[in-house]
Amino acid sequence: NKQKPTLLVTGGAGFIGANYINYYLEKYPNMQLINLDKLTYAGSRTNLQALESLENYYFIQGDIADEKLVNTIFSMFNVSGVIHFAAESHVDRSIKNAKEFVKTNTLGTMILLQAARSAWEKEGTLTKKRFHHISTDEVYGSLGEDGKFHEETPYDPRNPYSASKASANMLVKSFGHTYGMNVVISSSSNNYGPKQHEEKLIPTIISNALRGEEIPIYGDGQNIRDWLYVEDHCRALDTIYHYGKAFETYNIGGGNEKVNMDIAVKICEILDHMQAVKTPRSLDSFKNLITFTTDRKGHDRRYAVDDTKLRESLGWKPIESLESGLKKTIDWYVAQWDQTLQKSRL
Ligand code: NAD
């Protein structure tokens, strides 16, 4: 239905986007949604398989940096708001080749902003319809042992990924300031949960453990990240999209600061306690697979966000503990692994 108000989600075949779309359509089964995703190596339609037959869900394979396509979507549909996840998201890849990061994360964001502005200005809805940009705490740089990032912390990106995201944030702010567009930014800490690409830390730990292969940990394993369960992030986004104030930024944290080594050990302990895990080789303990590797170039030492603003002004807080979130995540990867084993036996 082209007339019906429709939420435009970008990057919905990726990790957080797919979790968000599943969450959104379950919570609002009568709403209509378009998922615009390029399906890079990081996107997968199997993340959204259950939704493909729904009449209120449209999938469009395409690039957010394709101006003609993005404008066509705005002219064909009654886009009621945008939630913008699409990005190149892996720091290591940005260190090897920054170009795609600037193209998608920075230029792509500008093209979306421009298309939304032009369509909504014509309708006279520019100050009403929301453009929600999904960002990261990495734009704030790296912390020492103390302190946390606040919404007012100056941007200090330290790798090409975070630089491209910080540039996108600034463009979003500028569209709010210059044109009065109803923009909002949320900056979250590291997410974990089902459907994440294997290249990221927690899926790498789980997948390598299941294959009985070395679990690589950068440097001394003492880098600190704050872990946010993806479903808690989705609830926060829903709250911010509907109730967040225009032109504001909201930080979203998990309240789970951990050094990488502790995360690896914790996952191995959970796997050790699971009776049904089948690996290609027998192991006394998964922990013996942990191996230190050469550190990432310019590796940020510690990230932690202060999300008091979101908690106090909009009443959100995370529900999942690290223990329960990791168990759910591991269960999902073990189920995938079992399916892979079954297929390889056919
Ligand atoms: P992801 O890499 O899993 O998914 C990104 C998705 O965007 C993929 O489906 C990919 O196909 C799509 N995409 C990439 N380039 C595109 C383009 N040019 N046009 C259209 N689609 C394109 O990423 P994620 O982990 O789900 O992250 C989603 C968003 O959240 C990103 O903006 C990221 O910066 C932000 N974020 C992620 C985390 C995290 O821990 N994963 C934390 C904070 C913020």
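What share of the DSSP beta bridges in the chain is antiparallel, in percent to the nearest 5?
Looking only at bridges with both residues in the chain, the antiparallel portion is about 5 percent.
Kindly flag which residue pairs out of LYS38/LYS68; LYS27/LYS327; LYS129/LYS317; LYS200/LYS266; LYS27/LYS128; LYS258/LYS278 have an alpha-carbon separation exceeding 18 Å in this structure.
LYS27/LYS327; LYS129/LYS317; LYS27/LYS128; LYS258/LYS278
Run the simple label-point estimate for SER282 and LEU54 please: 7 Å along Cα→C-beta, distance reported in nm.
4.7 nm
At q = 0.10, 0.13 Å⁻¹, what is the log10 ratio I(q)/I(0) for the chain, with the Debye formula run over Cα points and no solvent?
Taken in order of the listed q values, log10 I(q)/I(0) reads -0.60, -1.02.
What is the chain's relative contact order, in percent, from Cα pairs under 8 angstrom and six or more apart in sequence?
18 percent
Under the rule a/c < 1.5 gives rounded, and otherwise a/b versus b/c splits prolate from oblate, where does the range 269-337 land using the Cα gyration tensor?
Here the range 269-337 falls in the oblate category.
For HIS150 and HIS242 in one chain, what is 0.36 nm times their gap in residues minus the Cα-Cα distance, to one decimal in nm?
30.9 nm
Take the Cβ-Cβ distance between GLU323 and ASP92 as r, set R0 to 25 Å, and report the resulting FRET efficiency rounded to the nearest 0.05.
E between GLU323 and ASP92, to the nearest 0.05, is 0.35.
Using 0.36 nm times the number of residues separating MET76 and THR340, minus their current alpha carbon distance, what extension gain do you get?
This chain segment gains 91.0 nm when fully extended.
Throughout, read-outs are computed from the coordinates displayed, never taken from laboratory work. In this text, all values refer to a predicted model and were calculated from it rather than measured experimentally. With ideal geometry, Cβ positions are generated from the backbone for all residues, glycine too; neighbour counts draw on all protein chains shown.
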